[in-house]
Structures are given as structure tokens and as C-alpha cells.
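The values are calculated or read from the model by the stated rules, or taken from the named source; none is laboratory data. Just so you know, these numbers come straight off a predicted model, no measurement behind them. Cβ atoms come from the backbone with ideal geometry, glycine included; neighbour counts cover every protein chain shown.
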Amino acid sequence: MNILMICYYYPPLADVGSKRSVAFSKYFKKHGWNPYVLSVKNPDKHYCIIGKEKSPEGVNTEYSYSIINLYWIFGKMNGALSMLCNFLGYKLARNYFYEFLCCPDHFIGWIPLTLLKGARMVKKNNIDAVYVSCSPFSAAIIGLLLKRMSGKPLILDFRDPFFIDDRNYFNITNIRRHIIKWFQKLYLEYTDLLFVTSEETRQMYIKAYPCIKDKIFTIYNGFDSAVFYNNKLIKYEKFTIIYTGEFYDFGPNHNVYTDLFFRALAYLKEKRVLSSENFQFLYFGNRYQMIASIADQYGIPDLVQVQSQIPYHEMLEKVSRSHLMLLKIVKFMISTKLYDAIPLNIPFLAIIPHGEVEEIIQKYSPASYILTENNNFLDVANDICDGMKKYKTEGMPNNHIQEFLGDFLRENMTLKMMQIVDDKILKNSFLN
């Protein structure tokens with residue numbers, strides 16, 4: 001099978017969003033398919049991390065230019081408008097340029113040249129199917145148009161849910177809400193296969209769109225066996241809780257979850273249980289300034305160390321040296337941090353809603369602490385103290401690493417995906 005993969009996030013981009021597509025392309029190639037990847041030549045540096053990563057060996061990778069950076073342009077325009085409104089005594093509640101002119105997102109400048117290049121690649125390489133990794137969800141428009149132009153089946157891979165019709169999740173205007181829902185309905189109606197990363201997401205979509213029940217499947221993110229996992233590094237001298245990546249601050253109860261954790265640290269500092277001599281909370285990610293500000297608000301800047309995002313292999317090393325990983329999630333999404341920590345034998349301090357992630361942690365990480373919005377900051381404080389005590393006495397149970405490895409290897413996830421595509425698309429194509 002020759003498959004065209006439309007992937008905005010792909011090497012040299014170092015964002016976590018590229019890892020799923022990289023693994024798919026690598027294992028497609030290993031197991032007999034011919035992947036042809038089309039990515040972005042000039043990514044938006046405000047949203048992307050340009051690293052030194054390379055495409056998997058043997059995977060044909062080409063690039064196309066985005067003709068305009070709407071995020072930068074509309075950011076400047078909104079800044080000017082905000083200054084004018086402030087002068088007149090008004091305050092803008094949101095960036096209305098983004099709200100009304102960036103649909104489905106602000107990456108739409110990548111569509112024109114990518115569509116043209118994709119059409120040439122479909123013809124030149126005798127492509128059998130088109131795969132699109134989302135986000136950005138504007139990339140799905142490229143897939144729909146290529147399907148219409150070439151007649152080739154379309155496979156959409158939603159690394160995150162596109163839209164949740166819940167006002168607690170996204171503070172957007174009703175007009176944008178209706179526009180985004182229209183795009184989602186269009187995507188789901190015309191795609192031949194839709195892959196999502198959690199069973200909760202799949203059930204959510206089936207409930208909202210029963211007609212797609214037979215073409216939506218769960219392929220978990222998992223982890224790559226080729227990644228270096230070292231769970232025997234010496235731990236930090238200070239008891240360390242670590243958090244990496246996006247620090248979610250939207251969705252139901254996220255302010256509650258944030259308050260539970262930082263209030264617990266403040267309480268333990270006040271009780272002289274924690275100090276800068278025996279404890280540190282490490283944060284690595286793009287929201288480091290926000291975390292530093294939160295630490296100041298709670299009076300614990302001496303307990304918190306923040307830094308911008310670091311390369312993946314460095315992040316794994318720091319996770320391995322930590323004692324607990326703080327986990328926050330958005331409902332229906334399974335954070336990639338889940339797949340990083342368990343093979344490294346790191347328990348979680350998980351402040352999360354009930355659901356699928358909770359069940360996975362309970363199954364594979366018996367030492368982890370799971371708290372919800374029904375708990376209070378004293379519960380979080382007690383769990384931190386319990387973790388410190390168990391590490392001192394070597395009483396911390398190990399994660400079920402081998403069982404986890406058997407269930408969530410990315411190579412196995414890819415083989416499952418290939419089998420679904422073979423059953424649902426290729427066989428039907430050959431029969432027709």
C-alpha cells in the first residue's frame with residue numbers, strides 16, 4: 001500500500017504531536033507499506049518547537065510552505081485594537097480576529113500549497129489512501145479536497161478531540177461554536193476511517209454521531225520501544241515531583257485541580273514539612289511563566305523550578321530521576337505523559353476526573369495516588385507525605401512495566417491500525 005501522510009507536526013519539529021505520526025510512518029515502512037509524508041517547511045514558531053529530529057530512515061518526506069502566518073498577523077492586529085479600546089475605556093474579552101477569521105484554526109495558510117503538492121504526490125506515487133494527522137484540524141480540509149480530487153479513501157487521525165460541545169471546555173462565541181461544529185460534521189461525514197486516541201473519545205463521537213459507529217476506532221498513543229527508557233538513574237536528592245508539557249487550564253474543574261496541588265504545597269511549607277532543602281516541583285513546558293506566577297500567588301516560589309520545554313530525551317531522564325509525576329488531563333484525552341512515566345517506573349500524583357485514565361493508572365501503577373475534584377488539598381498533602389515516607393523506607397511498589405509494555409507498544413498499535421485499514425478500505429477497494 002502506498003499511503004500519503006499529511007502531517008504538520010513531523011521532524012524536524014520536536015513537538016510531542018509529531019511522535020505518533022513518526023511512529024506510524026516508521027512501522028508502516030517496516031511492515032510493508034510505502035509511506036510518503038508531506039509536512040510544513042516553515043512552521044509557526046509561536047506554536048512549534050523546531051528541533052534537530054530526523055525522519056525515520058527510508059521514509060520519503062517532502063515539505064510545503066505555509067503562505068501566511070495568521071497567528072502572528074492577527075496577534076499584532078489584536079494588540080493594536082486592544083490599545084485603541086483601552087484608550088476608549090473598553091476591554092477586549094478575546095481576540096476576535098482569531099475567533100471569526102481562523103476557522104477551523106489559524107494554520108489555514110498551509111492549505112493552498114500543500115493541496116497542490118499533495119495532489120502531485122498522489123498522482124506521482126500511485127497513492128492508495130490519504131492519511132491526515134490532526135491537529136491542526138485545518139489539515140483535514142486538505143484531506144477532504146484530495147479525496148474529492150483523486151477519489152482515494154481518506155483516513156483522519158484525531159490526536160485530540162476536534163470539538164466538545166460543552167461550554168465548560170472552550171470559552172468561544174456561539175458563532176464560532178456553530179462554525180466549528182459544521183467543520184466537525186463535514187469531516188466525520190466524508191472520512192472513510194477515523195482514529196482517536198481513547199475509548200472515551202470514541203464513545204463520545206458515537207453518541208453525538210451514531211452514523212460513524214462502523215468507521216471510528218481507538219488507537220492509543222502508546223510509546224516507542226526504540227526510545228531509551230532508563231528507570232535505574234539515581235533519584236534527585238530532594239523529593240521531586242515533575243510535570244512536563246502543556247499545563248491544562250481549561251475544561252471542567254481544572255482550576256480546582258490546580259488549586260488542590262499548589263495549596264497542598266503551600267500548606268506543607270507552612271507546616272515546615274517541605275522546604276527548598278528537601279523538596280522541589282519541576283516544570284518543563286511552554287507555560288513556565290504561568291507556573292512561576294502561580295507559585296508566587298501561593299507563596300511557594302522557593303519550592304518551584306520552571307523552565308521552557310526541553311528535548312524529549314532530556315525530559316525522560318529528568319522524569320526517571322523524579323519521585324512522582326504530577327498528572328493533569330482534559331477529559332476524553334489521554335496525556336502522553338501517562339505512557340512516558342509508567343515504563344520509567346514513576347508513580348503518579350494524578351489529580352484527574354474519573355474515567356479511562358484513572359482505570360489505566362490503577363491497572364499498571366499501583367503505587368500512584370489518584371485524586372479528583374471530590375478530594376481536598378489536605379488529601380493531596382497527605383499523599384505527598386506518604387510518597388516521601390515510602391521512598392525513604394523503600395516501600396514504594398513498582399509499576400507493572402512488562403504488562404504495560406505488552407499492551408501499549410506503538411509498533412503493536414500501528415499493526416492494529418494497518419489491519420483495520422486493510423479490512424475496512426483496501427479489501428473494499430480491491431472488490432470494487
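Of note:
- Filter pass, S82 being out of contact with any Lys or Arg (no Cβ under 6 Å at 6 or more places or on another chain), over 19 Å from K117 (Cβ atoms) and small (G, A, S): yes
- Restricting region 369-405 to residues that are closer than 19 Å to K238 by Cα and free of Cβ contacts under 8 Å to residues at least 24 places away in the same chain leaves a set whose member that is surrounded by the fewest Cβ atoms within 10 Å (Cβ to Cβ) is E394.
- Some residue of region 33-56 being free of Cβ contacts under 8 Å to residues at least 12 places away in the same chain and either of a type in the set (A, V, I, L, M) or part of a loop (DSSP other than H, G, I, E, B) (or both): yes
- A residue that is basic (K, R), surrounded by fewer than 17 Cβ atoms within 10 Å (Cβ to Cβ) and either in a loop (DSSP other than H, G, I, E, B) or out of contact with any Phe, Trp or Tyr (no Cβ under 9 Å at 6 or more places or on another chain) (or both) can be found somewhere in region 71-81.
- Test: residue in region 173-181 that is within 21 Å of Y8 (Cα to Cα) and assigned to a helix (DSSP H, G or I): yes
- Matching residues, region 297-317, being surrounded by fewer than 18 Cβ atoms within 10 Å (Cβ to Cβ) and under 23 Å from D383 (Cα atoms): Q297, G299, P301, D302
- Residue pairs whose Cβ atoms lie under 9 Å apart, separated by 6 or more positions or on different chains, with the first residue in region 275-303 and free of Cβ contacts under 8 Å to residues at least 40 places away in the same chain and the second surrounded by fewer than 13 Cβ atoms within 10 Å (Cβ to Cβ) and of a type in the set (D, E), are G299/E270.
- Residue match in region 94-113 (condition: under 30 Å from K29 (Cα atoms), in contact (Cβ under 8 Å) with a residue 60 or more places away in the chain and out of contact with any Asp or Glu (no Cβ under 8 Å at 6 or more places or on another chain)): yes
- G109 meets all of the listed conditions (1) part of a helix (DSSP H, G or I); (2) closer than 30 Å to I420 by Cβ but one, namely (2).
- For the criterion of being of a type in the set (S, T, Y) and either touching a helix residue (DSSP H, G or I) at 6+ places or on another chain (Cβ under 8 Å) or modelled with pLDDT under 90 (or both), Y63 fails.
- Residue in region 6-22 that is in the same structural domain as C134 (by TED's automatic domain parsing), assigned to a helix (DSSP H, G or I) and farther than 20 Å from S335 by Cα present: no
- Verdict on V273 being buried (at least 18 other Cβ atoms within 10 Å of the Cβ) and more than 30 Å from T218 (Cα to Cα): no
- If the condition is being over 21 Å from the mean Cα position of the chain (by Cα), assigned to a helix (DSSP H, G or I) and not small (G, A, S), then region 196-217 contributes I206, K207, P210, C211, I212, K213, D214, K215.
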